[in-house]
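**Q** If you scroll down you'll find the structure; I have some questions about it.
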Amino acid sequence: MTTKAKALAVIPIVTADAGMRAFVCEVTGEEIPLPECLACSERSAPGCSMFPAYIHQIVNDPRPHDFSQRLAKAHGADFGISVTELIYCPRKFRLKMEHSWTEKPSDFYARFSGTAIHAALEDYEGAGIAEERLVATFDYRGKTILFSGKPDLVTYSDAGWLITDYKRTGWPPRSSYSYTCPKCYEVILSDITDRRGIGGANKPLYCPDCDENFTRRQVHQITHLPEAKLAHATQINLLALLLNKNEEEYASILAEKHGIAVSDASPVFSGRIVYMGPQNILPLPVEVDIESARTLLRARLTVLLRPELPPKDPLEGWECKYCPVAAQCDAAA
Ligand code: SF4
Ligand SMILES: [Zn+2]
Ligand SMILES: [Zn+2]
C-alpha cells in the first residue's frame with residue numbers, strides 16, 4: 001500500500017430532479033410547464049412573440065441536461081464531460097447536476113438561430129466531415145473519463161487538418177485601435193473599437209506623462225486586427241485534442257467518403273472560427289495548441305471532481321448574468 005496515492009476522484013451524480021423544470025413565461029413572468037407553453041404558443045398567445053416551431057424545438061432538445069453522463073454510461077465510463085461544458089463555469093456544471101431550474105423561451109434564441117448553420121452543414125459537408133461526435137476515454141485518479149465534442153466541420157489538405165466552428169453572434173470581434181504619444185511613445189488611449197468615440201481630428205488627446213495635448217494627426221495610431229474570442233479558441237484546442245486521438249478514424253472516414261488519402265506523417269492541426277454577425281461573415285484563424293488543451297482538461301477535472309462545489313469564480317464575466325442556476329449558486333456560496 002502506498003500512502004502517496006492521490007485520493008480517488010469524486011464522481012458527482014445527476015439527481016432525479018435536475019434539469020429544466022419549466023419555462024418562465026415571457027408575458028406573466030410565471031413558471032409554466034413546457035407542454036403548456038407549447039400549447040399556448042399554438043393558440044398564438046397575445047402579447048408574446050414566441051411561435052410554436054420555436055418552442056417545439058426547445059422542448060425536444062436532442063441534448064438533454066444529462067447527455068454527457070448518458071454518453072459516459074454507454075461507453076462504460078464513470079464520468080462524461082463535453083468540450084462545451086468544459087469551457088464554461090465548472091460551478092454551474094455541478095449545480096446543474098443537482099438542481100432544477102427555469103429559463104425563458106427567449107433565452108434559447110442564440111442556440112435556436114445557431115441550428116440553421118448546423119442543418120446546412122449536415123446537408124452539405126463538401127469534402128470534409130461535418131457534425132461527427134468525437135470521443136476519447138482516459139483514466140483520471142482511478143476513474144474513467146469520457147471526453148467528447150462535436151466539431152462543426154473538419155477538412156483536410158496538404159497543410160493538415162482544419163477544424164472550423166461557426167458562431168452566430170450579434171457582436172463579432174472587431175478591430176481595435178490604440179494611440180501613442182508622439183513625444184514619449186506611451187499609450188495614451190487604448191481598446192478603442194469605435195474611432196468616432198474619440199472625437200474629431202482636431203479634438204486634443206492628452207498625454208499625462210508629458211502633460212501636453214496633441215491632435216489626432218500628431219498621435220500615432222496602432223490598429224489591432226480582430227481576434228477569435230478566448231473561449232472559442234480554447235474550444236478549438238480541445239477539439240484538436242480529441243481529433244488527435246481519433247485521427248486514424250477520421251482519416252478512414254475521409255478515405256471512404258471522399259477518397260482523400262491522409263498522410264502518415266504526424267498530424268498538423270489548425271483552426272478557424274467563422275463569426276456570423278448580424279450583417280457579415282468574419283472568418284478568424286486560431287492557432288492550435290494541444291498541450292494547453294491537455295493542461296486545461298486536467299485542471300478543470302481537478303475542480304469538477306472534488307467533494308466541494310467549485311468556487312464562485314466564473315470563467316467569463318458575463319456568464320453569471322445568463323446563468324440559470326444563479327439563485328442556487330448564491331444560496332450555496
Ligand atoms: S452564477 Fe456565475 S459563478 Fe455561479 S454557477 Fe452560475 S456562472 Fe457560475
Ligand atoms: Zn457551432
Ligand atoms: Zn507623452
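The values are calculated or read from the model by the stated rules, or taken from the named source; none is laboratory data. Note that the structure is predicted; figures quoted are calculated from it, not measured. Here the Cβ is made from the backbone with ideal geometry for all residues, glycine too, and neighbour counts use every protein chain on show. For accessibility, only protein heavy atoms count, side chains too; no ligands or nucleic acids. Shrake-Rupley method; radii C 1.70, N 1.55, O 1.52, S 1.80 Å.
**Q** Where does the charge balance sit around Leu309 when Lys and Arg score +1, Asp and Glu -1, over other residues with C-beta under 13 Å from its C-beta?
**A** Value of the local net charge: +2.
**Q** Where is the GNM fluctuation largest for the chain (alpha-carbon springs, 10 angstrom cutoff): Glu131, Glu186, Glu103?
**A** Between Glu131, Glu186, Glu103, it is Glu186 that shows the largest mean-square fluctuation.
**Q** Roughly to the nearest percent, how much of the accessible area of segment 176-224 is carbon and sulfur, given a 1.4 Å probe?
**A** The C+S portion of the solvent-accessible surface of segment 176-224 is 45 percent.
**Q** Here is a further query. Give the Kirkwood hydrodynamic radius (Å, one decimal) of segment 20-154, defined as one over the mean of 1/r across all pairs of different Cα atoms.
**A** 17.1
**Q** With label points built 7 Å along Cα→Cβ from the Cα atoms of Glu316 and Cys210, find their separation and express it in nm.
**A** Once both label points are built, they end up 4.0 nm from each other.
**Q** Compute, for segment 176-224, the length of the dipole vector about the Cα centre, with Cβ point charges of +1 (Lys, Arg) and -1 (Asp, Glu) only. Units Debye, rounded to 20.
**A** Charge dipole of segment 176-224: 320 debye, to the nearest 20.
**Q** Trypsin sites (Lys or Arg not before Pro), restricted to segment 180-213: which are DSSP loop and have at most 10 other Cβ atoms within 10 Å?
**A** Filter output for segment 180-213: empty list.
**Q** May I pose another question? Run the accessible area of segment 1-156 with a 1.4 Å probe and give the carbon-and-sulfur part as a rounded percent.
**A** 55
**Q** Per residue, how many Å² of accessible area does the chain show with a 1.4 Å probe?
**A** Details: 18940 Å² over 333 residues.
Each residue of the chain exposes 57 Å² on average to a 1.4 Å probe.
**Q** Taking every pair of alpha-carbon atoms in the chain, what share in percent sits in each 10 Å bin, from 0 to the bin with the longest distance?
**A** So the P(r) values, bin by bin, are 5, 19, 26, 24, 16, 9, 2, 0.
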